[in-house]
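*Asks:* I am attaching a structure below and will ask some questions about it afterwards.
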Amino acid sequence: MHATTTRRLEDFKVPVKLKLAGLWTSVMVCYLYNDYFNLYVPGTLRSMLDRPATQGMLLGYMAMTIGACLMPALSLLLKPAPSRWLNIVLGLAYTVILILLMPGTWLFYQAMSAVEIVLQLIAVWYAWRWPR
């Protein structure tokens, strides 16, 4: 027998800052797993051993990814105006980078990159529509 009244689950309005921090955290986890799984692509590890990374290469990779790494914290810590601007600019910039990196990659990489793009564009959308 079913109850005639439904009990609603408790819910609350999630602030935009928390939504953005959560989205960027998810993006970073996807980045990490995508890069980790990429190590299993035949030839990847051999290539890394044959041509070790230089300090300059690693510094360049760090410079390219540091924005995304900091976005969960910055989305929470910054005032709304600079946070909004950074979420829009970096969300679009990392989307373009992923689109440029996707061709020629394995299907798992493309699929995960598509998820990352969707998450980043949702962050852009939330930042763009930030309540006044």
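The values are calculated or read from the model by the stated rules, or taken from the named source; none is laboratory data. All of these numbers come straight from a predicted model, not from anything done at the bench. Backbone-built Cβ (ideal geometry, glycine too); neighbour counts: all protein chains shown. Side chains included, ligands, DNA and RNA excluded: accessible areas come from the protein's heavy atoms. Shrake-Rupley method; radii C 1.70, N 1.55, O 1.52, S 1.80 Å.
*Asks:* PHE108 passes all but one of (1) free of Cβ contacts under 8 Å to residues at least 60 places away in the same chain; (2) closer than 14 Å to ASP35 by Cβ; (3) open to solvent by 40 Å² or more (accessible area, probe 1.4 Å); (4) of a type outside the set (S, T, N, Q); which number fails?
*Replies:* So PHE108 meets the others, but not (1).
*Asks:* Hey, another quick one. Considering only helices (runs of 4 or more DSSP H) fully contained in the range 32-132, which possess at least 3 residues that are under 13 Å from the mean Cα position of the chain (by Cα)?
*Replies:* In the range 32-132, 55-77, 80-101, 107-128 are the helices (runs of 4 or more DSSP H) which contain 3 or more residues that are under 13 Å from the mean Cα position of the chain (by Cα).
*Asks:* Which residue pairs have Cβ atoms under 7 Å apart, sit 6 or more places apart or on different chains, and have a first residue in the range 120-132 that is open to solvent by 70 Å² or more (accessible area, probe 1.4 Å) and a second that is at pLDDT 95 or above and hydroxyl-bearing (Ser, Thr, Tyr)?
*Replies:* LEU121/THR95
*Asks:* Filter the range 1-53 down to residues that are out of contact with any helix residue (DSSP H, G or I) (no Cβ under 9 Å at 6 or more places or on another chain) and among the β-branched types (Val, Ile, Thr) and give me whichever is surrounded by the most Cβ atoms within 10 Å (Cβ to Cβ).
*Replies:* Across the range 1-53, the extreme among qualifying residues is VAL29.
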